[in-house]
Amino acid sequence: MKMKKFLILCLTLFLLGGCSAKESEDISSLAPTVTVEPPPTQNAEEDTSERDYGDLIPETMAIKDQIKEKYLFYPTDIVINLDSKNIRWVADCGIGLDLDIITEQDDEAYVKLHRSIYEGTLTELSENIYSAKGEFMPTMLSKNSPISESVDFYLILKDRKAYVVLEEMSINELEEYNSNFYYYWHEKAED
């Protein structure tokens, strides 16, 4: 048995050693090549891909109450794509929704809005300051209305924070705006 293993080992070494450098290159060209690209950096100033903002810090939760007071439902996450200037308010797992007042029209709108309670377009007003205009689920507008015909709310992005401003403000006021209540940009976990 030992002799058989020894002969197989010698034969394998002979065959591997018998290949010329040219033959080895030919054989290696048959193997598939895999290119591994490094993951993109998540630098807030440079990255313009999709961002997911969620208020993970208990001290920031009051923004949910402010949004709920104005629109009845609040997002657990705000998903922003700065390339396409798209914004979506997501109520993950139904959290943020008052299931007692949702209508059939709300259900239809929820599907139409790509499983969001709000979907809109961002317009850049100044560096990192945007106005949003889009569509809410119908029940959300039964209590209050957006800021104006052209603005649902303002969005300020700075220092990995997303501030949602629910009242009319000038550009100067928006540039100076600061609050303890915000959604925080959290990077998606690597698989």
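Quick notes
- A Förster radius of 22 Å, combined with the Cβ-Cβ distance separating residue 150 from residue 59, puts the computed FRET efficiency at roughly 0.10.
- Between segment 76-108 and segment 132-147, the alpha-carbon center distance in angstrom: 12 Å
- Dipole magnitude of segment 60-166 about its Cα centre (Cβ charges: Lys, Arg +1; Asp, Glu -1), debye to nearest 20: 340 debye
- Convex hull volume of the C-alpha atoms in segment 60-166, normalised per residue: 101 Å³.
- A Förster radius of 41 Å, combined with the Cβ-Cβ distance separating residue 160 from residue 108, puts the computed FRET efficiency at roughly 0.75.
- Across segment 77-101, the residues whose backbone nitrogen lies under 14 Å from the label position 7 Å along the beta-carbon direction of residue 49 are 80-84.
- Accessible surface of segment 60-166, 1.4 Å probe, proportion on carbon and sulfur as whole %: 47 percent
The values are calculated or read from the model by the stated rules, or taken from the named source; none is laboratory data. Keep in mind the model is a prediction, meaning the values are calculated, not measured. Quick reminder, even Gly has a Cβ in these numbers, built from the backbone with ideal geometry, and neighbours come from all protein chains shown. Ligands, DNA and RNA are stripped out before the accessible areas are found, and what is left, the full protein with its side chains, is counted by its heavy atoms. Shrake-Rupley method; radii C 1.70, N 1.55, O 1.52, S 1.80 Å.
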